[in-house]
Amino acid sequence: MTMRETASQPFTPSPARHVSLRRTLDILCAGMAASVLMPVFLIVALAIWIESGRPILYSQLRLGHNGRPFRIYKFRKFRPNCDLHGYPLTVEGDGRLTAIGRILAATKLDELPQLWNVLWGDMSLVGPRPESLAFTDCFRNGFEKILEHKPGLFGPCQVMFRHESKLYPADDSAADFYRRVLFPAKAKIDLAYFPRRTLASDLGWILRAAGVIAVESWAAFARSDRSNDSRK
């Protein structure tokens, strides 16, 4: 191939360049978001502390990149006396939820501390949802390829299954239903998206998730205000 022919070829960034650029964007965007949302962090932390005391944060080991466990952080939405190694799923009407926890679950504001996981490098802004170690057995028969991608705060499944707690049938074990139905459904979506992802498509999912969270947060707080007014 001549120099002229080489110059005419379209430039395709290498996978390593994509990874480096994505990590740079993760740090910049997560750092900016953490700074802008700091008042929200403080308000949520204060609300949790006033309602049920400490701890403010909840942490749990999750499966990370290439199957390496890491500790994920969330705002605590369950009662403080709940078993730290308790049930790995949140279902509709979960009795462990506090009043503030129900709002956090509805608005996904409990996920905000994961911005620190992004800054530390355990997570990316966009990636598959990190699974609890309780579901390690699900990563087989091709689904283990999901672990080749760094887990993320946003992604197709985080948007499509944002009301996952409402999907569990009352007459079936939630964990069994998750293994049999929900995990394979989410895994197929992730395997279809992440091997072909682009920075532009990732940005699209971030914006879509942010829009959904903003709308549903407004709706949740409006319902809370109406509920408080009805009690007066």
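The values are calculated or read from the model by the stated rules, or taken from the named source; none is laboratory data. Just so we're clear, the structure is a prediction, and the values are computed from it rather than from any experiment. Don't worry about glycine lacking a Cβ; one is built from the backbone with ideal geometry, like all the others, and counts go over all protein chains shown. Quick note on the areas: whole protein, heavy atoms, side chains included, nothing else; ligands and nucleic acids left out. Shrake-Rupley method; radii C 1.70, N 1.55, O 1.52, S 1.80 Å.
Only one residue in Leu119, Leu153, Leu115 is at negative phi, under 11 Å from the mean Cα position of the chain (by Cα) and in a helix (DSSP H, G or I). Which one?
Leu115
Taking each residue of the stretch 26-48 that is touching a residue at least 60 places away in the same chain (Cβ under 8 Å) and closer than 17 Å to Asp122 by Cβ and looking for partners that are in a helix (DSSP H, G or I) and of a type in the set (A, V, I, L, M, F, W, C) with beta-carbon atoms closer than 6 Å, six or more apart or interchain, yields Asp26/Val118; Ala30/Leu115; Ala30/Val118; Ala30/Leu119; Ala33/Leu115; Ala34/Leu115. Reported count of residues in the stretch 19-66, each being in a helix (DSSP H, G or I), open to solvent by 70 Å² or more (accessible area, probe 1.4 Å) and among the charged types (D, E, K, R), is 1. Taking the listed residues Pro128, Pro169, the one that is open to solvent by less than 50 Å² (accessible area, probe 1.4 Å) and free of Cβ contacts under 8 Å to residues at least 24 places away in the same chain is Pro169, with no other qualifying.
Looking across the stretch 101-131, just one residue is among the hydroxyl-bearing types (Ser, Thr, Tyr) and under 22 Å from Gly53 (Cβ atoms), and that is Thr107. For the stretch 110-121, the set of residues classified as more than 12 Å from Leu28 (Cα to Cα) and open to solvent by less than 30 Å² (accessible area, probe 1.4 Å) consists of Asp110, Leu112, Pro113, Gln114, Asn117, Gly121, listed by residue number. Just wondering, is there one or more residues in the stretch 83-102 that are aliphatic (A, V, I, L, M), out of contact with any strand residue (DSSP E or B) (no Cβ under 7 Å at 6 or more places or on another chain) and in a helix (DSSP H, G or I)? For the stretch 83-102, residues aliphatic (A, V, I, L, M), out of contact with any strand residue (DSSP E or B) (no Cβ under 7 Å at 6 or more places or on another chain) and in a helix (DSSP H, G or I): present.
Of all residue pairs spaced 6 or more apart or on separate chains, those with beta-carbon atoms under 6 Å, a first member in the stretch 149-163 that is under 12 Å from Pro128 (Cβ atoms) and a second member that is polar (S, T, N, Q) are Lys150/Ser124; Gly152/Ser124; Leu153/Gln114. In the stretch 74-93, the residue that is modelled with the highest pLDDT out of those that are farther than 19 Å from Phe135 by Cβ and open to solvent by 40 Å² or more (accessible area, probe 1.4 Å) is Arg79.
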